[in-house]
Structure formats: structure tokens, C-alpha cells
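Note sheet for the following structure.
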Amino acid sequence: MEKTEEIIKRYYRGETSIEEEKFLKAQYRSGHLKEDPFLSLSYPSLPLPSELNEKIRQAIRQQKKCSLRRIYITVGSIAAIAILLLSLKGIFPAYKGKTLQLSDNMKRERFEDALRVIGNVLENPAPSQEKVLYEDKNLIIAIE
């Protein structure tokens, strides 16, 4: 067991070989190590550097500033695109097809003309287009 503890200490210092790491993994999986090797190690607590808390706070503030800067850039980009699209819409108005606007008199005249044409067609039947191929007393053969 002493050998395993020594290997664990060397493992966390980064001094173990691949074979020793495989050995530790096998020991942990077989149940010979009761806990995770990291939790079972008891290092004497080392004092933290005095400026560590301040450095952590500065790093957090810096990340917040960067994220706020990204948000401002994103919102500004969206606003710029919206303004560009609106200005392009003003420059190039939507195409509206030109429609022919007729006055009521013109509509009435065209309707009356259409009725006259229909009436003429119905009154005057078209001449028949029959061609007689053979005619006899009892039989007439014709093609339309």
C-alpha cells in the first residue's frame, strides 16, 4: 500500500510513467483504493498568495467588460443592418404593376360592344362548310 501512496504522490507531481498510471487506474477500479486518489491525498494547506483574490476579481471584471463589449457590437450591427435595409427600401420602392384605370363610360362602352358582337354571332349563323362528296336520289355523302 505504501508503494501505491508513493505513486499517487508522484502522479500529482507529474512524475509517473504510463505503466505506473495504468497501475493506479487498475488499483482504483479493483477497489483497493477506497476513494478517488485526489481526495485521499492530504497535502498540508498552503497559504494562498495575497494578490490571488485581486487577480481573480480583475479577470472576472475583464471578462464582463468583454461580454458587454460583444453585446454592444452585436446590437450596433443589428441596428446598422436595419437602417441599411430601410434606406434601401426608400431608394428602391416596391414595384407596383401599372393597371389600366377605365372610367365608368369606357366600361359601359366596352360592355355594350361585347354584347353587340355576341348578338351578331347568335343572329347570323355561320355558313355551313359542308363539302358534298356524293349525291344520289336516296343518298347524300357530305363532309363538314
- Message: Take A114 and E2, extend 7 Å from each Cα along the Cα→Cβ direction, and tell me the distance between the two endpoints in nm.
- Response: 11.3 nm
- Query: Once both labels are modelled 7 Å past Cα along the beta-carbon direction, what's the A80-Q58 spacing in nm?
  - Reply: 3.2 nm
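Bear in mind these aren't lab numbers, they're just calculated from the coordinates by the rules spelled out. In this text the structure is predicted, and so the values were computed from the model without any measurement. Note that each Cβ is placed from the backbone with ideal geometry, even for glycine, and that neighbours are counted across all protein chains shown.
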